[in-house]
Every structure is written in structure tokens, then in C-alpha cells.
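**Student:** Let me give you the structure first, and then I'll get to my questions.
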């Protein structure tokens, strides 16, 4: 774990040397949503491959760069592309960017993803504000020795998603006429998508949307004391009695169509946060 800590510190030092102002807000952007932060000002762009110990995104539409600048009047750090467990990366590699954000002073973390809808009230193109999650992977980024200065050995997970941020997201959506839902997100390891029987099971246990990412970063963020907002773009519907194949091309296209609405909500939330 000491080696991981040193990697985080080296990556943090490199990024800090490239930017004039340390960020207070972090954004982690998911599949098909890489352009949902248009409008940033004073942007410094750093490719992942140039940052010590950063991995490389292999998923289409994950641009693989860090953007640091101003959005909604706040200093933000944006990860355009994430690292997935299904790509073969370890939990430490997946969450290293969040630890870098933590070291740089980020206190609010906003994450987005593309997800399959399970709640039959949802529609493709909806944005679901995550109110809770279920981790069915059997993996956790906190396994192993705890780094006490990063967070407690047993972080409380009873209220992962900050209720004030949820309210701000709903407010931004309402003011801009954007349809949003709220619900429970489940993380599966992937990369294979779900069977019909798995979807029936997930519906039975109270899941509203399913995806292959986000929760490792969320757990690391909670461990690091960050306020968390999670947003899932519903890119396909998984209805057990009307099950249809989910094509990656269609998922990406649906996410890209919804990206402007996601950007509006994210900017609205950031603008309402205290300086």
C-alpha cells in the first residue's frame, strides 16, 4: 500500500505543477459523455499517458485526459474517461485518479455513467440521480492495509450520495425542463452485459439501473470525505418480458444525445455550490 501511496503523490505533484489553481470539485465522466463539459474556461489539458502511474482508457469515447479549469465559477478537475475493472485494471488503478483529486483538495465529486434501465417507468435518455447503490462484484478498493491519513478503516456508507447535491441536481433539471429520475444503481463487473435472469434478479432486489463502473470511485471518494453526486444516463432499457439485445453502438449514441442535458445539470449544481 505504501507503493500505491507514493504513486498517488507522484501523480498529484505532476498535475499540480501544470495548473495555476487547485480544484475543489472533481468530475468523472462516463461512456459517451466525454464532451459533456463543454464551456469550461481557462482549461489546462493533460493526457493520461503523460501523468505518472495513470492508466490508459481503452473504451470508445473515453478521451483519456484530465481537464483543469473553471466551470460555473469554480475550480474543477475533470477526468474525461475512467478506468474499468473489466479492462483488467486493479482497484488501485481504477481509483488512483480519485486519490489524486483528494490530495489536491477536491471536496465534491460528481460522477456520471451510462447505465441500463431496469425500472419500467424509465425511458432511454432519462437521467437518473443515484440515491443509493449495490455492489455485486465482490470487489472493494479499500481491501488491504488502510492509509489512515486518507480516511477511516471502516467508512460509513449509510448515506453515500449527498442529499443536498441530489436536491441541487433536481433543481437544475426542473429549471431547464430536463426529465430526471431517482433510483438505486448496481455495479456488475462486466464486460458481458446482463442475462434476462440476472435482470429479473436485479429488479427483485430493488435495482433501478445497472452499470459496469462508478462504485469503486464512489467508495474511494466516501473514504476520502468527499460529498458525492452520481448521475446515470439511461442508454438502454432492460425489460425482462421484452428483452432486446443491447448494442454498444446504440448505448454510446444514446449517451451522446443526452450529454447536453447532463452538462446543464452538472453546471447548474456547480454554480449553486458555495465558493
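**Student:** Just a yes or no: is a residue in the range 37-53 crowded, with 21+ Cβ neighbours inside 10 Å and either without any contact (Cβ under 8 Å) to a residue 12 or more places away in the chain or closer than 22 Å to residue 270 by Cβ (or both)?
**Tutor:** Yes, because at least one residue in the range 37-53 is crowded, with 21+ Cβ neighbours inside 10 Å and either without any contact (Cβ under 8 Å) to a residue 12 or more places away in the chain or closer than 22 Å to residue 270 by Cβ (or both).
**Student:** So is residue 233 crowded, with 19+ Cβ neighbours inside 10 Å, touching a helix residue (DSSP H, G or I) at 6+ places or on another chain (Cβ under 9 Å) and under 17 Å from residue 81 (Cα atoms) or not?
**Tutor:** yes
**Student:** Here's another thing I want to ask about it. Residue check: is residue 269 at pLDDT 95 or above, within 17 Å of residue 185 (Cα to Cα) and out of contact with any strand residue (DSSP E or B) (no Cβ under 6 Å at 6 or more places or on another chain)?
**Tutor:** Spelling it out, it is not the case that residue 269 is at pLDDT 95 or above, within 17 Å of residue 185 (Cα to Cα) and out of contact with any strand residue (DSSP E or B) (no Cβ under 6 Å at 6 or more places or on another chain).
**Student:** Condition first: on the phi > 0 side of the Ramachandran plot and buried (at least 20 other Cβ atoms within 10 Å of the Cβ). Now tell me which residues in the range 70-99 satisfy that.
**Tutor:** Selection gives 81 alone.
**Student:** I would also like to ask the following. Output the number of residues of the range 156-177 satisfying the condition of being out of contact with any helix residue (DSSP H, G or I) (no Cβ under 6 Å at 6 or more places or on another chain), surrounded by 11 or more Cβ atoms within 10 Å (Cβ to Cβ) and closer than 15 Å to residue 263 by Cβ.
**Tutor:** 1
**Student:** Would you say residue 106 is in contact with a helix residue (DSSP H, G or I) (Cβ under 9 Å, 6 or more places away or on another chain), assigned to a strand (DSSP E or B) and closer than 17 Å to residue 15 by Cβ? I'd like the intermediate steps shown before the answer.
**Tutor:** Working: in contact with a helix residue (DSSP H, G or I) (Cβ under 9 Å, 6 or more places away or on another chain): yes; assigned to a strand (DSSP E or B): no; closer than 17 Å to residue 15 by Cβ: yes.
Spelling it out, it is not the case that residue 106 is in contact with a helix residue (DSSP H, G or I) (Cβ under 9 Å, 6 or more places away or on another chain), assigned to a strand (DSSP E or B) and closer than 17 Å to residue 15 by Cβ.
**Student:** How many residues are surrounded by fewer than 17 Cβ atoms within 10 Å (Cβ to Cβ) and more than 24 Å from residue 73 (Cα to Cα) if we restrict to the range 249-270?
**Tutor:** Kept after step one, since they are surrounded by fewer than 17 Cβ atoms within 10 Å (Cβ to Cβ), are these residues of the range 249-270: 249-250, 253, 257, 260.
Restricting the remaining residues to those that are more than 24 Å from residue 73 (Cα to Cα) gives 249-250, 253, 257.
Of the residues in that region, 4 qualify.
**Student:** Taking only the range 13-28 into account, find how many residues are assigned to a helix (DSSP H, G or I), touching a residue at least 24 places away in the same chain (Cβ under 8 Å) and surrounded by fewer than 20 Cβ atoms within 10 Å (Cβ to Cβ). Show your work before the answer.
**Tutor:** In the first step, residues of the range 13-28 are kept if they are assigned to a helix (DSSP H, G or I); the result is 13-18.
If we keep only those that are touching a residue at least 24 places away in the same chain (Cβ under 8 Å) as well, we get 14-16, 18.
Narrowing further to those that are surrounded by fewer than 20 Cβ atoms within 10 Å (Cβ to Cβ): 14, 16, 18.
So the answer is 3.
The values are calculated or read from the model by the stated rules, or taken from the named source; none is laboratory data. Since the structure is predicted, the reported quantities are computational estimates derived from the model, not experimental observations. We place every Cβ from the backbone using ideal geometry, glycine too, and count neighbours over all the protein chains shown.
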